[in-house]
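The structure under discussion appears below in the form of structure tokens.
The values are calculated or read from the model by the stated rules, or taken from the named source; none is laboratory data. What you see is a predicted model, and the numbers here were worked out from it, not measured in a lab. Note that we place each Cβ from the backbone using ideal geometry, even for glycine, and neighbour counts take in every protein chain shown. Accessible surface is based on the protein model in full, side chains and every heavy atom, while ligands, DNA and RNA are left aside. Shrake-Rupley method; radii C 1.70, N 1.55, O 1.52, S 1.80 Å.
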Amino acid sequence: MPKLNENYLKLKDNYLFAEIAHRTAAYLQQHPDQTLIRLGIGDVTRPLCKCAVDALHESADEMADAKTFKGYGPEQGYAKTREAISAYYKRNGVEVDAADIFISDGAKSDTGNFTDLFAHDNVILIPDPVYPVYVDSNLMCGNTVTYISGNAENDFLPMPDETVHADIIYLCSPNNPTGACYNRQQLKVWVDYALKENAVILFDSAYEAFISDPELPRSIYAIEGAKRCAVEFCSLSKTAGFTGTRCGYTVVPRELIFDTSDGRKLSLHDMWNRRQSTKYNGTSYLVQNAAAAIFSEEGIRECQENLEYYKNNARVIAETLTELKIPFFGGVHSPYIWFQCPGGMDSWTCFDYLLNQIQVVGTPGAGFGENGNHYFRLTSFGTYEATVEAMRRFKQLFHVQ
Ligand SMILES: *Cc1c(COP(=O)(O)O)cnc(C)c1O
């Protein structure tokens with residue numbers, strides 16, 4: 001009989017979206033004539049931009065011809081795609097060498113798989129609330145996690161406790177679910193702390209493309225010293241609507257060298273390269289060509305149109321909550337609006353209340369950590385019309401007395 005990885009028993013049931021679907025279906029069964037507005041799931045709705053679709057068609061034709069057919073590609077990704085991403089960094093004022101970029105099938109796999117490179121007795125800091133993948137992937141391999149608290153007092157941007165040591169630090173900015181975004185000074189404090197502690201920062205910048213203020217860093221490498229302490233995970237999922245097409249990239253700078261227990265040097269870049277070469281066979285040729293097209297001037301411009309569409313929805317939600325005097329975070333450099341549940345409701349009570357009263361479905365904050373228990377996440381990934389209608393219903397329900 002196999003001995004099982006019983007660390008899986010430590011995971012909480014992944015019931016968030018299942019429970020949302022269950023409660024929503026039960027409501028619809030009882031009220032078949034009602035129309036729901038879904039502002040819950042963090043999935044995009046706008047189609048792929050023309051550049052990406054053209055590249056997919058062209059690549060499919062190449063695959064149909066023996067002269068241009070492609071088999072296995074490099075595990076790290078094609079040079080063309082890596083160079084396009086390096087140029088995209090440069091456009092945003094950051095130098096990242098194409099050789100440090102690994103193309104993946106998305107940031108979820110890479111953030112989850114990165115635990116492969118570390119031992120199991122590290123001090124690991126993870127924000128609460130945050131994208132649940134970091135906590136779960138660490139629990140799955142038997143690691144212990146220390147939560148760093150994001151709350152209204154720190155604008156959901158936890159900062160290091162200089163008196164406490166850490167080995168591995170997860171940061172997500174702009175944050176899912178809160179939409180909070182670190183500024184340059186704050187990220188500098190994290191980088192300096194990591195360098196002092198000889199720690200590594202695992203920085204998830206899946207939402208960098210939503211940042212519109214040029215003063216806010218879109219990459220951790222905008223901070224001096226970050227290449228000596230940080231790995232960056234990025235994704236085309238939200239940037240370019242690739243949630244179903246699948247492509248991400250991870251930057252592992254060759255400067256990231258740490259000591260082994262017997263005093264030898266190990267490079268995280270070499271370890272990740274070895275890991276990927278062993279367990280990953282590369283992102284599809286078609287998808288990598290589409291990704292390269294996304295980072296062309298034309299591709300960036302086309303993607304920006306979709307991002308503006310979502311940002312406009314976020315603005316509609318933010319303006320309504322402001323008018324209703326409901327405290328919230330995010331909604332500016334992020335597709336997410338994170339509001340405090342009115343009247344002291346907990347997040348599941350708020351879910352039921354919105355579903356029953358105005359047929360709006362969102363995401364209870366409890367699904368992202370303890371600190372989300374009295375918060376609620378709305379997304380701007382719906383249509384403009386649905387967003388406006390949801391906010392009309394909000395105004396009816398929570399009208400200012
Ligand atoms: C959506 C999201 C990702 C992207 O995941 P993919 O696997 O690339 O689709 C990564 N991190 C966070 C915080 C996200 O919300």
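Rounded to the nearest whole Hz, the Karplus-based 3J(HN,Hα) values (6.51 cos²θ - 1.76 cosθ + 1.60, θ = phi - 60°) of the range 227-244 follow the sequence 5, 8, 9, 9, 9, 10, 9, 9, 8, 8, 4, 8, 4, 10, x, 8, 4, x, with x at glycine and proline. Between D270 and N312, the simple label model (points 7 Å from Cα in the Cβ direction) yields a spacing of 5.3 nm.
Between H22 and T383, what's the calculated FRET efficiency when r is the beta-carbon distance and R0 is 35 Å? Round to 0.05. Spell out each step's value before the answer.
Working: r = 25 Å, r/R0 = 0.70.
Calculated transfer efficiency: 0.90.
The apolar share of the surface of the chain, taken as the fraction of accessible area on carbon and sulfur atoms (1.4 Å probe, ligands and nucleic acids excluded), comes to 52 percent. Evaluating 6.51 cos²θ - 1.76 cosθ + 1.60 at θ = phi - 60° for every residue in the range 207-221, the Karplus couplings come out as 10, 4, 5, 7, 6, 10, 8, x, 6, 8, x, 8, 9, 5, 6 Hz, glycine and proline recorded as x.
Given R₀ = 25 Å, what would the calculated FRET efficiency be for N198 paired with D97, taking r from the Cβ atoms and rounding to 0.05? Walk me through the numbers before you get to the answer.
Details: r = 23 Å, r/R0 = 0.92.
So, using R0 = 25 Å, E works out to roughly 0.65.
Taking the helices alone, the chain has a mean residue ellipticity at 222 nm of -12000 deg cm²/dmol, built from -39,500 (n - 2.57) per DSSP H run of at least 4 residues and averaged over all its residues. Please compare each pair in K70/K279; K90/K188; K90/K238; K10/K188; K50/K279; K50/K311 to a cut-off of 25 Å on the Cα-Cα distance and tell me which ones are over it. K10/K188; K50/K279, as the Cα separations exceed 25 Å there. Extension gain for Q396 to D61 (0.36 nm times residue separation, less C-alpha to C-alpha distance): 115.3 nm.
Does the range 311-401 come out rounded, prolate or oblate by the C-alpha gyration tensor, with a ≥ b ≥ c the root eigenvalues, rounded set by a/c under 1.5 and, if not, prolate when a/b is larger than b/c and oblate if not? The shape class here is rounded. Residues whose amide H comes within less than 5 Å of that of S104, counting only those at least five positions distant or on another chain, are G248, Y249, T250 (H built at 1.01 Å from N in the peptide plane). Segment T146..S296, full-extension length gain: 50.0 nm, with 0.36 nm per residue of separation and the alpha-carbon distance subtracted.
The listed peptides 182-192, 241-251, ordered by packing as a protection proxy, come out as 241-251, 182-192 (highest mean of other Cβ atoms within 10 Å first).
Please calculate how many Å² of accessible area the chain carries per residue, with a 1.4 Å probe and no DNA, RNA or ligand atoms counted. Intermediate results must be reported in sequence, preceding the final value.
On the way: 18370 Å² over 401 residues.
Per-residue value: 46 Å².
Of the residues L195, G330, Y310, the one whose Cα sits farthest towards the positive end of the charge dipole of the chain is Y310 (charges of +1 on Lys and Arg Cβ, -1 on Asp and Glu Cβ, taken about the Cα centre).
Between the helical axis of 268-279 and the longest alpha-carbon principal axis of the chain there is an angle of about 80 degrees.
Mean separation of Cα pairs under 8 Å and 6 or more residues apart, divided by the residue count, gives the range 105-164 a relative contact order of 31 percent. The phi-based Karplus calculation (6.51 cos²θ - 1.76 cosθ + 1.60; θ = phi - 60°) puts the 3J(HN,Hα) values of the range 327-333 at x, 8, 10, x, x, 10, 9 Hz, whole numbers, x for Gly and Pro. Would you compute the Debye intensity of the chain from its alpha-carbon atoms alone, equal scatterers and no solvent, and pass along log10 I(q)/I(0) at q = 0.06, 0.09, 0.14 Å⁻¹ to two decimals? Scattering profile of the chain, log10 relative to I(0): -0.25, -0.56, -1.31.
Identify unpaired cysteines across the chain, taking unpaired to mean no other cysteine Cβ lies under 4.7 Å from the residue's Cβ. If one checks each Cβ against the other cysteines of the chain, C49, C51, C141, C172, C181, C229, C234, C247, C303 turn up with nothing under 4.7 Å.
Within 10 Å of each candidate Cβ there may be at most 11 other Cβ atoms; applying that plus a DSSP loop requirement, which chymotrypsin sites (Phe, Trp or Tyr not before Pro) in the range 10-113 survive? Before the final figure, lay out the partial values.
Working: sites: Y15, F17, Y27, F69, Y72, Y78, Y88, Y89, F102; in loops: Y15, F69, Y72, Y78.
Qualifying residues, ordered by number: Y15, F69, Y72.
Using only the alpha-carbon atoms, how far is helix 297-323 inclined from the longest principal axis of the chain? Give it as 0 to 90 degrees, nearest 10. Helix 297-323 sits at roughly 30 degrees to that axis.
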